[in-house]
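Undergrad: Pasting a structure here, questions to come.
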Amino acid sequence: MKRWQKTIVGPDTTIRDTIGVIDESALQIALVLDADRKLLGTITDGDIRRGILKGVPLTGPARSIMNATPVVAMTNDSRDTILATMRSRKIHQIPVVDGHGTLVGVEFLDELLQPVKRENTVVLMAGGLGTRLMPLTNDCPKPLLKIGSKPILEIILENFIDQGFCKFFISVNYKAEMIESHFGDGSRWGVEIDYLRETERMGTAGALSLLPGSIAQPLLVMNADLLTKVNFGHLLNFHTEHNAKATLCVRDYDYQIPYGVVRIDKHRLTAIEEKPVHQCFVNAGIYVLEPETLLLLPRNTFFDMPSLLCKLIEHQHETAVFPVREYWMDIGRMSDFEQANYEYNQGF
């Protein structure tokens, strides 16, 4: 059981019993939930003491002293955002809720400052040609192009490390020797790095067929040309809570039709909508896969991730979608590369 689950009380739990929960958990907080696990409020030692000073009896219900409007974080808040909130509000723990107000976890300041080691394997897809960034990629693979003072892939790697990940595979093809020379076995960063060596292009999923069969935890897969501040712990929690075989990260994308769109009914004009803006979700290039999904991959064959996801859907496996609200930049074109450099220097 996660530590925070020991802090849950009901609205009618007595204050005396709530004190016992706080003391036993040693987490300095109790979480008041209703029958649907929606967060009603929080209780700290300070709330209890204020209640006592007001004459509230210890036999009274927890709801009589709880903070009904606690500071909370949302499931898609980044680690940096949560840390900033906790520091500005001078709090050491913050409940995390989804869009319906259901409690999904609690972040603790000490754990955020010193992330828990995660056993999940991370695969970074770095085998592409980077054609759209030529001539920069003529002599350098795209993952080694520098954003600020560091290669793109090094920024990505260190972001995962900061969030507690330590086992990595990097898929390589184009100028693979340069990538392997830079990252080696990962000992420079205190992590393990192995390589999936493509002898020919295998697509965004084909290289996963080269993984060893010993992977037991959900697998994180990410394109090696992305800069993002996604909280990967929240992503993994979301994946697990939805019992998904695969989870696809998506981004909002707005596009404007540069013409007046004509609405008709047979031969009659009914309306003209001038340059309407349409919204859709697009693939963000970040995935979580259960190990058994790898069995659906053909060996040593070009195979893209959308094809794998479609296979899972055809087999009626649960496939979830995780909307990315944090910073996200796909460095595919020269304009993206220039923008990423500017934003990186501005601290994202």
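Taken together, the values in this text are just the output of simple stated rules run on the coordinates, not laboratory data. Keep in mind the model is a prediction, meaning the values are calculated, not measured. As a convention, Cβ positions derive from the backbone with ideal geometry for all residues, glycine included, and neighbour counts pool all protein chains shown.
Undergrad: Rank by packing, highest mean first: peptides 191-199, 137-145, with packing defined as the count of other Cβ atoms within 10 Å averaged across residues.
TA: 137-145, 191-199
Undergrad: So, in Å, what gap is there between the alpha-carbon centers of segment 310-330 and segment 201-257?
TA: 8 Å
Undergrad: Applying a 10 Å radius around every beta-carbon, put 25-37, 124-136, 258-270 in order of their mean neighbour count, most first.
TA: Final packing ranking: 124-136, 25-37, 258-270.
Undergrad: When volume of the Cα convex hull per residue in Å³ is calculated directly from the model, which label among [x] 143; [y] 184; [z] 209 fits?
TA: Looking at volume of the Cα convex hull per residue in Å³ for this model, the match is [z].
Undergrad: Excluding residues fewer than 8 places away in the same chain, name every one of the lysines whose C-alpha is closer than 19 Å to that of Lys117.
TA: By straight Cα distance, Lys117 reaches Lys2, Lys167, Lys229.
Undergrad: Next question. Find which of Ile19, Gly186, Gly213 sits farthest along the positive direction of the dipole of the chain, computed with +1 on the beta-carbon of Lys and Arg, -1 on that of Asp and Glu, about the Cα centre.
TA: Ile19
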